[in-house]
Amino acid sequence: LFTEYFQVPTLIFGNGSIGELGKKVRGFNASKILIITDNGVMKAGIAQKISKILEDDGFSVKIYSDVEPEPPIENFEDCFNVAKSGNFDLFIGVGGGSSIDISKAVSVMMNNQGKVQDYFGVKKITRPGYPKIAIPTTSGTGSEVTKIFVLKDKRQELKIGVVSPYNLPDLAIVDPELTVNLPAKITASTGMDALTHAIEAYTALNSTTTTDLFAEKAIRLISNNLRTAVANGNDIEARTNMARGSLYAGIAFANASCTAVHALSFPLGGKYNIPHGIANALMLPYVMEYNLVGNLVKFADIAKFMGENIQGLSLRQAAQGAVKAVKVLAKDIGIPQKLSEVNIPETAIVQLVDGAYSCTRLLVVNPRKMELDDIKQIYEKAI
Ligand SMILES: [Fe+2]
């Protein structure tokens with residue numbers, strides 16, 4: 001059995017590391033730079049700060065700040081038109097997963113013909129894109145180190161991923177100081193997304209010794225620091241550990257894949273606009289409960305990584321400890337516990353099941369085989 005490992009060519013991590021940007025950009029031979037970001041990042045002044053660093057270095061920079069949460073295809077098209085008409089040749093995604101994903105999409109579509117929809121799925125992109133840099137301002141998505149971007153297809157009411165090695169950013173700069181002003185609610189939901197990535201990567205059928213290293217460390221860092229980061233956003237140690245945790249979770253799932261939690265959460269974002277991190281947090285314990293028997297050893301490990309005392313317990317009891325630990329963490333940081341709390345009606349289940357079942361790419365690596373009826377039962381429990 002062979003394993004393949006993908007990583008961004010250059011990854012810079014550390015407080016204040018954003019100061020390295022100008023020096024690094026000089027290596028790209030770019031003449032016009034487009035910063036792709038959203039409203040929140042503009043309000044925090046982060047995009048302007050990055051733009052200034054580059055302008056002081058003599059670069060021509062424009063900011064596109066209209067990225068929407070859970071961005072639809074139309075939002076990508078709007079940004080893509082700006083990119084083409086302005087003849088930009090370097091893209092910098094600054095923000096959460098949405099901004100970084102749009103910058104990945106724009107970068108590859110500059111060099112690939114047709115519509116972005118033609119590339120939905122795995123390894124359909126045929127040519128490398130324009131250079132792109134990812135600078136996260138949340139500790140959640142891991143998009144700075146992954147080879148996927150996700151867009152919402154409003155017609156199908158689904159979120160669909162484009163997976164290709166060409167989506168990997170050429171450079172990722174993870175500066176935890178950029179996350180300090182993130183509101184508690186977003187810290188909580190994005191942190192649960194990162195935890196989901198780590199747990200899914202650790203238990204995916206595609207996991208390897210290498211991805212396990214990153215997933216384990218990520219689970220430990222996130223479960224030890226998320227409460228503090230939510231309770232006191234100025235705690236730079238907690239912010240730094242969360243940034244590292246979400247980065248490691250990203251590296252792990254970029255190579256091991258996510259599993260059924262993301263499959264079942266995508267339809268919640270596609271039709272009901274539930275933020276990605278909340279959708280994952282809502283589905284995570286219920287999917288874990290179902291998945292336990294697929295790999296008791298690894299779920300027992302997760303309980304241990306999350307600080308559960310598993311001494312003297314049977315393997316099965318220890319594995320159940322992981323589900324408990326996840327529920328308690330989510331509750332402590334104010335995440336909704338049931339789908340009904342975010343206004344998902346029971347009548348929604350039929351369509352949700354169809355949406356989740358279409359995410360074959362994620363379901364085939366789930367540690368336990370999942371059929372339509374299994375998915376239905378999981379949603380019923382989650383409601
Ligand atoms: Fe995610």
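The values are calculated or read from the model by the stated rules, or taken from the named source; none is laboratory data. From a predicted model like this one, the values you see are computed outputs, not experimental measurements. Glycine gets a Cβ as well: all are built from the backbone with ideal geometry, and neighbour counts include every protein chain shown. Ligands, DNA and RNA are excluded from the accessible area calculation, which covers all protein heavy atoms including side chains. Shrake-Rupley method; radii C 1.70, N 1.55, O 1.52, S 1.80 Å.
Between helix 276-291 and the chain, what is the angle of the helix's C-alpha long axis to the longest principal axis, kept within 0 to 90° and rounded to the nearest 10? The helix 276-291 is inclined about 30 degrees to the chain. Pairs of alpha carbons in the range 226-383 separated by more than 27 Å make up 25% of all such pairs.
Taking the helices alone, the chain has a mean residue ellipticity at 222 nm of -16000 deg cm²/dmol, built from -39,500 (n - 2.57) per DSSP H run of at least 4 residues and averaged over all its residues.
Taking a straight Cα-Cα cut-off under 19 Å and skipping sequence neighbours fewer than 8 places away in the same chain, the lysines within cross-link reach of K324 are K298, K304, K338, K381. A Förster radius of 35 Å, combined with the Cβ-Cβ distance separating E157 from S31, puts the computed FRET efficiency at roughly 0.30.
Once the Cα-Cα distance is subtracted from the 0.36 nm per residue extended length, the Q377 to T347 segment shows a gain of 9.4 nm. The accessible surface of the chain, taken with every protein chain in place and a 1.4 Å probe, is 49 percent carbon and sulfur.
Against the chain, whose longest principal axis is taken from its Cα atoms, helix 260-272 shows a tilt of about 60°. If you take the alpha carbon atoms of the range 155-269 and fit the smallest convex hull around them, that volume is 123 Å³ per residue. Largest first, the extents of the alpha carbon coordinates of the range 207-286 on the three principal axes equal 37, 33, 19 Å. Surface analysis of the range 34-79 yields an accessible area of 46 Å² per residue, using protein heavy atoms and a 1.4 Å probe. The convex hull built on the alpha-carbon positions of the range 65-137 has an orientation-averaged projected area of 4.7 nm². Taking only the C-alpha atoms of the chain, Rg followed by Dmax gives 19.7, 65 Å.
A Förster radius of 22 Å combined with the Cβ-Cβ distance from D56 to V82 puts the calculated FRET efficiency at roughly 0.40. Largest GNM mean-square fluctuation among F28, F76, F266, using the chain with Cα springs under 10 Å: F28. Name the shape class, rounded, prolate or oblate, that the alpha-carbon gyration tensor gives for the range 2-98, where a ≥ b ≥ c are the square roots of its eigenvalues, rounded holds for a/c under 1.5, and otherwise prolate holds if a/b is larger than b/c and oblate otherwise. Since a/c stays below 1.5, the shape of the range 2-98 is classed as rounded.
Over the Cα atoms of the range 79-236, each weighted equally, I'd like the Debye log10 I(q)/I(0) at q = 0.08, 0.12 Å⁻¹, rounded to two decimals. For the range 79-236, the Cα-only Debye profile gives -0.26, -0.58.
Write down the percent of antiparallel bridges among all DSSP beta bridges whose residues are both part of the chain, to the nearest 5. Here the antiparallel bridges make up roughly 20 percent for the chain. Ignoring lysines fewer than eight residues from K52 along the same chain, the ones with Cα atoms less than 16 angstrom from its Cα are K23, K24, K32, K43, K62. Across the range 169-231, Cα-Cα distances exceeding 20 Å account for 37% of all pairs. Site pair N181 and D66 shows an inter-label distance of 2.4 nm when each label is modelled 7 Å from Cα along Cα→Cβ. Rounded to the nearest whole Hz, the Karplus-based 3J(HN,Hα) values (6.51 cos²θ - 1.76 cosθ + 1.60, θ = phi - 60°) of the range 328-345 follow the sequence 5, 4, 4, 5, 4, 9, x, 8, x, 9, 9, 4, 4, 5, 10, 6, 8, x, with x at glycine and proline. Note on the range 329-383 and the range 132-184: Cα centroid distance 23 Å, given to the nearest whole angstrom.
Here's the list of aspartates and glutamates a cross-link from K271 could span, going by alpha-carbon distance under 17 Å and ignoring same-chain residues fewer than 8 apart: E68, E70, E74, D153, E157, E341, E346, D354. Summarising the label geometry, the points placed 7 Å from Cα in the beta-carbon direction at K369 and L315 lie 2.1 nm from one another.
Mean-square fluctuations from a GNM of the chain, with a 10 angstrom spring cutoff on Cα atoms, peak among L268, L178, L313 at L313.
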